[in-house]
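Q: I'd like to ask you about the structure that follows.
The numbers here are math on the coordinates, done by the rules we state, and not lab data. None of these values were measured; they are calculated from a predicted model. When we count neighbours, we look across all protein chains shown, and the Cβ atoms used for this are built from the backbone with ideal geometry, even at glycine.
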Amino acid sequence: MYKTIALSILGVMMLMLGIYLSTHWIIIGTLMSIFGGFVMGGSSYFF
């Protein structure tokens, strides 16, 4: 249960940080957003 919540929060934070960073550094922000989306999707596996 705690693993799912932690991964969901981490994924959302990485996604939002990636969106913010993509306004300044496009490649780094895009990669962070994609990885954050994967982490959010992977956390749904533990539900």
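Q: Among the residues of the chain, how many are loosely packed, with under 13 Cβ neighbours inside 10 Å and outside any helix (DSSP H, G or I)?
A: Within the chain, residues that are loosely packed, with under 13 Cβ neighbours inside 10 Å and outside any helix (DSSP H, G or I) number 5.
Q: What are the pairs, 6+ residues apart or on separate chains, where a residue within segment 6-33 that is of a type in the set (Gly, Ala, Ser) has its Cβ under 8 Å from a residue that is not in a helix (DSSP H, G or I)?
A: Filtered contacts from segment 6-33: GLY29/SER22; GLY29/THR23; SER33/SER22.
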